[in-house]
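Only one structure is covered here, and it is reproduced in the block below.
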Amino acid sequence: MPSAAPTSPHVMNTYGRLPIALSHGQGCRVWDTAGKEYLDALGGIAVNTLGHNHAKLVPALQDQLTKIIHSCNYYHVPLQEQLAAKLVQLSGMSNVFFCNSGLEANEAALKLARKFGHDKGIAKPQVVVYEKAFHGRSIATLSATGNAKVQQGFEPLVEGFIRVPLNDIEALQQATQGRDDVVAVFFETIQGEGGINPMRAEYLQQVRKLCDERDWLMMIDEVQCGIGRTGKWFAHQWAGIKADVMPLAKGLGSGVPIGAVVAGEKAASIFAPGNHGTTFGGNPLAMRAGVETLRIMEEDKLLHNAAEMGSYLQEALKAGLAGTAGFKEVRGQGLMIGIELYKPCGALLAQAMERGLLLSVTAERVVRLLPPLIITQAEVDEIVAILVPLIREFLAAA
Ligand SMILES: *Cc1c(COP(=O)(O)O)cnc(C)c1O
């Protein structure tokens, strides 16, 4: 570890930071300011889809910088149309609103749900949300989040949410029985911050049916699990269903801030001019990053790589950790992987870092891996070679 840890006296203290600063990267590798090299199994929290300094992405962004960075939504932005058309094609949905982050995409989804309700004459529309969910840190999205720590200190919360447990169709039916004020069901296909908790395909199909029968919007937060990470463009596509509203962000711009909410037919015409907007949303630089990210993903068959490398990594972790006391399970899909232990393991963050591996720990006991989708088999082997002994040693101690 570098002897003089960087400090930030002028940056607001909102994160528990590890004592390094990254200066540059190449592919799945990054280096800190002291010159130490790391294998990046976190990808900036599912953001760096194409890793670092990608040979196709960087020149495209340089080209865009010389043309125009920001125009303004007073005018048409052709790159918005280009990225929207691609997202519509990949999702089978209808149209797209662009913003700058995950919480913004979710905010837009919640506004869509409320207006959908008001248009039907529902004065106080209710949205079904889930235990352990994470949807962001604005007042509305933290209210939708199922984690008291995220909410504490920011009450009063926004009203209009009904909370249910995951994968329990009876609980959903009971919570909404006889109510005519429900307008939407809002969830992550695989909960990220909540600890890599997947919704079962059968449950998703049952919810889809209920949404059709009762005219609710099925709103699927794919901010973390979307954009190819699981081996499909969007994780809910594994269940063979379509969303009505789908917020996206993280991996869509390979590191350039971007958010999007994709709407299906049922939600495509809810907003009219004046209902929603954002200054930066849909700016040409972010749009170019999105267009090029999706193009390169197709060209380099990264969905296939995510599925292959994901299964390979999961199997290797399972084999390496099987029978270890204190190890619960490996779960997830593609390159969205959680390793649950029976004890809090936040300490593993710094220990992995010392051994040259960047990862995350979420929901206290879950080691989370979200590497770039370009990861190679040799790099996966390297993750396993560092992580398996580390977890075994961690569990053997105390
Ligand atoms: C990260 C995340 C968000 C919030 O995104 P920000 O860009 O940090 O606002 C929302 N939903 C999910 C599922 C996320 O993983």
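What follows is calculated from the coordinates using simple rules that are stated; it is not laboratory data. What you see is a predicted model; the values in this text were computed from it and never measured. Cβ placement follows ideal geometry from the backbone for every residue including glycine, while neighbour counts extend to all protein chains displayed.
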For the chain, give the share of DSSP beta bridges that are antiparallel, in percent and rounded to the nearest 5; count only bridges with both residues there.
70 percent
Note down the net charge around N275, summing +1 for each Lys or Arg and -1 for each Asp or Glu among other residues with Cβ under 9 Å from its Cβ.
+2
Over every pair of different alpha-carbon atoms in region 238-331, take the mean of 1/r and invert it; report that Kirkwood radius in Å.
16.9 Å
Checking rank on 60-70, 266-276, with mean other Cβ inside 10 Å and highest first, the result is 266-276, 60-70
How much of the pair distance distribution for region 66-219 lies past 26 Å, counting alpha-carbon pairs only, in percent?
33 percent
In units of 2.2 N^0.38 Å, what is the alpha-carbon radius of gyration of region 113-171?
1.20
Yeah, region 2-82 with a ≥ b ≥ c from its alpha-carbon gyration tensor (a/c under 1.5 is rounded, else prolate when a/b outruns b/c, oblate otherwise) is prolate
Please report the antiparallel percentage of the DSSP beta bridges confined to region 181-281, to the nearest 5.
50 percent
How many Å³ per residue does the convex hull of the Cα positions in region 259-398 occupy?
170 Å³
Restricting the count to DSSP beta bridges whose residues both fall in region 110-200, what percent are antiparallel, rounded to a multiple of 5?
20 percent
In nm, give the distance between the simple-model label positions of H118 and D300, each being 7 Å from the Cα along the Cα-to-Cβ direction.
4.4 nm
Once fully extended, how much extra length lies between V58 and I139, figured as 0.36 nm per residue of separation less the alpha-carbon to alpha-carbon distance?
25.6 nm
My understanding is that a pair violates if its Cα-Cα distance is over 19 Å; which of K232/K301; K124/K242; K132/K318 do that in this structure?
K124/K242; K132/K318
Under a plain spin-label model, where a point goes 7 Å from the Cα along Cα-to-Cβ, how far apart in nm are K67 and Q177?
5.7 nm
Which of the peptides 118-125, 224-231 is most tightly packed, and how do the rest follow, going by the mean number of other Cβ atoms within 10 Å of each residue?
224-231, 118-125
Lys and Arg at +1, Asp and Glu at -1: add these up for the other residues within a Cβ distance under 13 Å of V366 and post the number.
+2
Rounded Å value of the spacing that divides the Cα centres of region 237-313 and region 94-170:
19 Å
Count neighbours as other Cβ atoms within 10 Å of each site's Cβ, and list the chymotrypsin sites (Phe, Trp or Tyr not before Pro) in region 9-57 that are DSSP loop with at most 16 such neighbours.
Y15
By count of other Cβ within 10 Å, fewest leading, how are S8, S138 ordered?
S8, S138
Report the longest stretch of the chain that contains none of the GluC sites (Glu not before Pro) sitting in a DSSP loop with at most 15 other Cβ atoms within 10 Å.
160-363
Give the span of the chain's Cα atoms along each principal axis, as three whole-Å numbers ordered largest to smallest.
61, 53, 43
Give the calculated FRET efficiency between Q377 and Q26 to the nearest 0.05, with a Förster radius of 22 Å applied to their Cβ-Cβ distance.
0.75
If you split all Cα-Cα distances of region 71-133 into 5 Å bins from zero, what percentages do you get per bin, shortest first?
4, 13, 16, 20, 21, 14, 9, 3, 0
What's the magnitude of the charge dipole for region 240-347 around its Cα centre, counting Lys and Arg as +1 and Asp and Glu as -1 at the beta-carbon? Answer in Debye, nearest 20.
280 debye
What length, rounded to one decimal in nm, is gained on full extension from E170 through to E131, with 0.36 nm per residue of separation minus their alpha-carbon distance?
12.5 nm
For L373, L217, ascending order of other Cβ atoms within 10 Å (fewest first) is L217, L373
What's the extension gain from K343 to E213 if we count 0.36 nm per residue and subtract their Cα-Cα distance?
42.6 nm
Net charge near Y312, counting Lys/Arg +1 and Asp/Glu -1 over other residues with Cβ under 13 Å of its Cβ?
-4
Region 151-210, relative contact order in percent, only Cα pairs under 8 angstrom and at least six apart counted
28 percent
Cα centroids of region 317-348 and region 351-398: how far apart, whole angstrom?
9 Å
